[in-house]
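Q: There's a structure below that I have some questions on.
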Amino acid sequence: MNIKPMGSRVVLRPKKKEETTSSGIILPDSAQDKPQTAEVLAVGDGGYTPNGTPYKMSVKVGDLVVLNKFPGNETSVNGEDVLIVPEQEILAVLEEK
């Protein structure tokens, strides 16, 4: 099953956080921060500005992005946990040099 987000929404795969500290202490899930980087899996067709002008999405499949601390809605697709967020919750696209 494929997923196609509607409008200006984006489907993301959160990047896993380290589960141990640099000194080797294992952190339980409750002590770990939510990941703030994610890979773009699917993008919607775009949306409309408040004055009705259509716009295209700024991100594309495969981009690595930085998110707000508590973004969007969590769901499961094909047994994989994903986030569905409005494009406005994406703060930046990470680019390799």
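The values are calculated or read from the model by the stated rules, or taken from the named source; none is laboratory data. Computed from a prediction, not measured in an experiment: that's the story for all the values here. So basically every Cβ, Gly included, is an ideal-geometry build from the backbone, and we count neighbours across all protein chains shown. Surface accessibility is based on the protein's heavy atoms, side chains included, excluding ligands, DNA and RNA. Shrake-Rupley method; radii C 1.70, N 1.55, O 1.52, S 1.80 Å.
Q: Within the accessible area of segment 36-97, what % is carbon and sulfur when the probe is 1.4 Å and the other protein chains stay in place? Write out the running numbers ahead of the final one.
A: Values: 2120 of 4140 Å².
Answer for segment 36-97 is 51 percent, counting heavy atoms of protein chains only.
Q: Any idea how far apart Asp81 and Gln36 come out in nm if each label point goes 7 Å out from Cα toward Cβ?
A: About 1.9 nm separates the two model spin labels.
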